[in-house]
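Nothing in this text is a laboratory measurement; each read-out follows from the coordinates by a stated rule. What you see is a predicted model; the values in this text were computed from it and never measured. Backbone-built Cβ (ideal geometry, glycine too); neighbour counts: all protein chains shown.
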Amino acid sequence: MIEDIKTEAGERMEKSLDALSHNFNKIRTGRAHPSLLDGIKIDYYGSLTPLNQVANVNVEDARTLSLTAWDKSMIPAIEKAIMKSDLGLNPATAGEVMRIPMPMLTEETRKGFIRQARHEAESARVSVRNARRDAMAMLKEMVKDKEIGEDDERRGQEAVQKLTDAYVAKVEKLLGSKEADLMEI
């Protein structure tokens with residue numbers, strides 16, 4: 001039973017880490033990568049559709065994305081959605097192909113993105129700690145119901161704490177690599 005609690009807590013912590021990675025992909029660095037546009041939704045005949053379902057996004061070079069819409073009539077809507085996004089991108093349409101140059105990051109924007117990355121990392125740490133809190137509460141409940149003894153509870157709490165420490169360290173490692181990536185010129 002203690003293993004089940006530990007496993008469940010580990011799964012929740014892993015989901016927090018996955019969400020952090022996904023959120024870090026939305027923070028743009030100086031380099032172009034298709035996942036940067038993952039959060040953009042297009043009004044496709046009355047329904048909001050992810051950009052990657054209405055167009056093909058490729059990396060043209062280190063600083064440029066190219067986008068080819070499957071439905072040519074959607075190009076203006078795609079262009080409008082990209083400009084409305086908070087990514088600060090200005091697409092240039094040339095016929096059927098849309099090119100999206102990545103502007104150079106100024107020191108001010110880099111610091112803003114680092115603040116955003118730190119905020120996302122803090123949210124992930126809070127989520128990991130919430131998983132720990134819930135696991136600890138389950139252990140206390142099991143002792144209260146006399147399903148396990150206090151020694152087993154203490155061992156379970158130590159195991160959950162070690163798991164929490166490991167996931168917080170992973171969050172710190174991801175944050176460190178994202179900060180280094182953002183500060184790279």
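Below is a table of values for the structure above.
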quantity	calculated
Surrounding net charge for Val143, when Lys and Arg each add one and Asp and Glu each subtract one, Cβ distance under 14 Å	-2
Distance between modelled label sites at Met83 and Thr49, nm, 7 Å Cα→Cβ extension	2.2
Anisotropy class of the stretch 34-101 from Cα gyration tensor, a/c 1.5 cut	prolate
For the chain, size of Cβ-based charge dipole, Lys and Arg +1, Asp and Glu -1, in debye	580
Net charge contributed by nearby residues that have their C-beta within less than 12 Å of Arg125 (K/R +1, D/E -1)	0
For the stretch 1-61 versus the stretch 69-98, the gap between their alpha-carbon centres in whole angstrom	20
Cα-based Rg and Dmax for the stretch 1-135, where Dmax is the largest Cα-Cα distance (Å)	18.5, 62
Dipole magnitude (debye, nearest 20) for the stretch 34-101, charges at Cβ of Lys, Arg, Asp, Glu	100
37 °C / 0.692 mPa s Stokes-Einstein diffusion coefficient of the stretch 137-185, Kirkwood radius on C-alpha pairs, µm²/s	251
Summed residue charge, Cβ within 12 Å of Glu179's Cβ, Lys/Arg positive, Asp/Glu negative	+2
Listed peptides 15-24, 126-135, 94-103 by packing density, highest first (mean Cβ within 10 Å)	126-135, 15-24, 94-103
